[in-house]
Amino acid sequence: MASLNWIGKDAVVNHDREVPFKLLHKVPSASVGKESKNLVIHGDNLEALKALMPFYKGKVKCIYIDPPYNTGNEGWVYNDKVNSPKIQEWIKKVVGREGEDLTRHDKWLCMMYPRLRLLRDLLTENGVIFISIDDNEHCNLRSLMDEIFGIGNFVVSFPRRTKSAGKTTDAVSANNDYVLVFAKNKKSVVFASLAIDDKAYKYKDEFFKERGSFALSQTLDYDSLSYSKSLDYELTLDGKRYYPGGRKDKFLSRKAGNHRSSDWAWRWSKELVNFGHKNGFLVVKKGKNGEPRIYTKTYYKVVIEKVNGSYQIIPIGRTKKLSTLDLTDSQYSNDVAKKDLRGIFGASAEFAYPKPISLIQYLIRAVSNTRNSIILDSFSGSGTTGHAVLDLNKKDGGNRKFIMVEMEDRVAKNITAERIKRAIKKYGYEDGFEFCELAKPLFNEKGQINERCSYTELATYIYFTETQTNAEKKNIKSPLVGVSGGTAYYLLYEGKGKNDLTRAALTKLKIKQPAVVYADRCLIDEDELREKGVVFKQIPYEIKVY
């Protein structure tokens, strides 16, 4: 397979492995609720993704990212490895606003490569990543994804309608971008059939309560695939006779008149017609030529099926397979996204190129079995992904959790987190979120713990490992780290290698509920620990390097 090369690639191919493991530090004043497993992380997403690796490697079912499109008219700065001579060769140059400046493509690829490597590792084996992009980097991104994820794991590139009106100054109106889709392992992924809304089912009758509304789009003889003598019969409804194709004479040659040959047979057998007529599935209306024609009703909630030799009315959920044309519908456009934001921030809502809630929900629903999954967005911007997850959970009773990362200080606090705060209050979403900052590294790039690690820092790491929520510093009171889900967590730590769990130490803890105790060694036998409801774990002085 041909590989994509650019200036600086050698310096970033393994850069994800050189990033140290930082701590997540909860900011209670910017968070909503207690012990929420939803995260809004402020910081460089490369460092944030590395910070998530010990806890979420292989656990994220669905990733959506909306990285910079690199149009030349935008500014973006990321804390990447830029000290090698190759990268310095282009980093000193100004990224052009107009025209083709290849150095900005090199810079974009250097920024994306290590982040995509970490995102791939965070995905479950049956996980999927969706990436919004436009023509500026679509080809480069596809080549990059082929290299990192494998060409066999490419799924599709959805065109997405961005707006109703394109740029009026261009010769060709630009009305779309793309959503590129790759799987961690395509053979393990199951894509869902999406529910069809009932907008096309606009008629109601006396069966509405149990069958829903219905569509009336086809005649009983419409577009038969082939002529069948058994389906060419005289049909009597309410004392009147009908023939396929609107014929007035049963014996009229099928080659005569202007009727299509495919309309010279009914679509239903006599037995099915009798059942359908008796149960209200047929109706006579005037056709385009003014002649009475028989139409079939397609109900939203039910269909007719043959079960054990007889026809029955069966409840269904109407679904359709995913289509590459799905996202060309205007409901997924940026115009709708602006309305979403105005619904939260009012007329003052300002954010460049936000994505609509409907788009993120479509993508999440497109992957099967996401109701209890983790959804990650490492370029979170206006916070659409978190809003979409909370809204979808309210609609279908799911328990999805979101992780969002935003680098820019003003955006992370005043837009990303603020939007979720306001949405929770306005729409009554039950869940909250933890706003986190990236603290200093706890483990270096080799997975070794910082020798100057404090009790609070180590306790914070342990608590998040156990609960996937962040302990507040004020609640950490050595040796008690915190209590979650009916379990107490303790850390015996007075310096590396100096911490033994003895009977005397255990007595001092005064444990009154199930507990997990971290120490260097345990000098109490397992039966005694089990009797007291205690689980011993060794202090993690190093972690697996990812």
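The values are calculated or read from the model by the stated rules, or taken from the named source; none is laboratory data. Everything quoted here is computed from the prediction, not taken from an experiment. Quick reminder, even Gly has a Cβ in these numbers, built from the backbone with ideal geometry, and neighbours come from all protein chains shown.
Within region 325-340, residues that are surrounded by fewer than 14 Cβ atoms within 10 Å (Cβ to Cβ) have Cβ atoms under 8 Å from residues that are of a type in the set (A, V, I, L, M) in these pairs: 330/336, counting only partners at least 6 apart in sequence or on another chain. Among the residues making up region 13-24, those that are more than 24 Å from residue 185 (Cα to Cα) and crowded, with 19+ Cβ neighbours inside 10 Å are 19, 21, 22, 23, 24. The residues listed here are 445, 434; of these, the one that is among the acidic types (Asp, Glu), within 21 Å of residue 37 (Cβ to Cβ) and touching a residue at least 60 places away in the same chain (Cβ under 8 Å) is 434. Filtering region 348-372 to residues that are closer than 19 Å to residue 420 by Cβ and of a type in the set (Lys, Arg) leaves only 355.
Residue check: residue 107 meets all listed conditions (1) at pLDDT below 75; (2) of a type outside the set (Ser, Thr, Tyr); (3) touching a Gly at 6+ places or on another chain (Cβ under 9 Å) but one, namely (1).
Looking across region 282-304, the residues that are within 16 Å of residue 221 (Cβ to Cβ) and of a type in the set (A, V, I, L, M, F, W, C) come down to 282, 283, 284, 294. Of the strands (runs of 3 or more DSSP E) that lie entirely inside region 278-348, those containing 3 or more residues that are among the aliphatic types (A, V, I, L, M) and more than 30 Å from residue 155 (Cβ to Cβ) span 282-286, 302-307. Here residue 36 passes the criteria (1) touching a Ser or Thr at 6+ places or on another chain (Cβ under 8 Å); (2) without any contact (Cβ under 8 Å) to a residue 60 or more places away in the chain except the one numbered (2).
Take the conditions within 30 Å of residue 20 (Cα to Cα) and either buried (at least 18 other Cβ atoms within 10 Å of the Cβ) or in contact (Cβ under 8 Å) with a residue 24 or more places away in the chain (or both) and apply them to residue 371. Does it pass? For residue 371, the condition - within 30 Å of residue 20 (Cα to Cα) and either buried (at least 18 other Cβ atoms within 10 Å of the Cβ) or in contact (Cβ under 8 Å) with a residue 24 or more places away in the chain (or both) - is not met. The set of residues from region 349-361 being more than 14 Å from residue 131 (Cβ to Cβ) and touching a helix residue (DSSP H, G or I) at 6+ places or on another chain (Cβ under 7 Å) comprises 349, 351, 353, 354, 356, 357, 358, 361. Tell me whether region 460-467 contains one or more residues that are touching a helix residue (DSSP H, G or I) at 6+ places or on another chain (Cβ under 7 Å) and buried (at least 16 other Cβ atoms within 10 Å of the Cβ). Yes, there is a match, as at least one residue in region 460-467 is touching a helix residue (DSSP H, G or I) at 6+ places or on another chain (Cβ under 7 Å) and buried (at least 16 other Cβ atoms within 10 Å of the Cβ). Being free of Cβ contacts under 8 Å to residues at least 24 places away in the same chain and surrounded by 14 or more Cβ atoms within 10 Å (Cβ to Cβ) is the filter here; which residues of region 170-206 pass it? Listed by number, the list holds a single entry, 175. The listed residues are 66, 101, and the only one of them that is of a type in the set (D, E, K, R), assigned by TED's automatic domain parsing to the domain that holds residue 376 and at pLDDT 85 or above turns out to be 66.
Looking only at region 12-63, which residues are assigned to a strand (DSSP E or B) and within 21 Å of the chain's Cα centre (by Cα)? Once the filter is applied, which keeps residues that are assigned to a strand (DSSP E or B) and within 21 Å of the chain's Cα centre (by Cα), region 12-63 yields 39, 40, 41, 42, 60, 61, 62, 63. Residues in region 25-59 that are in contact with a Gly (Cβ under 9 Å, 6 or more places away or on another chain), exposed (fewer than 15 other Cβ atoms within 10 Å of the Cβ) and at pLDDT 90 or above: 33, 58.
Restricting attention to region 367-413 and to residues that are of a type in the set (Lys, Arg) and assigned to a helix (DSSP H, G or I), the residue that is farthest from residue 124 (Cα to Cα) turns out to be 410.
Taking each residue of region 1-29 that is among the hydroxyl-bearing types (Ser, Thr, Tyr) and looking for partners that are surrounded by 14 or more Cβ atoms within 10 Å (Cβ to Cβ) and not in a loop (DSSP other than H, G, I, E, B) with beta-carbon atoms closer than 7 Å, six or more apart or interchain, yields 3/147. Of all residues in region 235-277, those being out of contact with any helix residue (DSSP H, G or I) (no Cβ under 6 Å at 6 or more places or on another chain), at pLDDT below 90, part of a loop (DSSP other than H, G, I, E, B) and under 23 Å from residue 203 (Cβ atoms) number 2.
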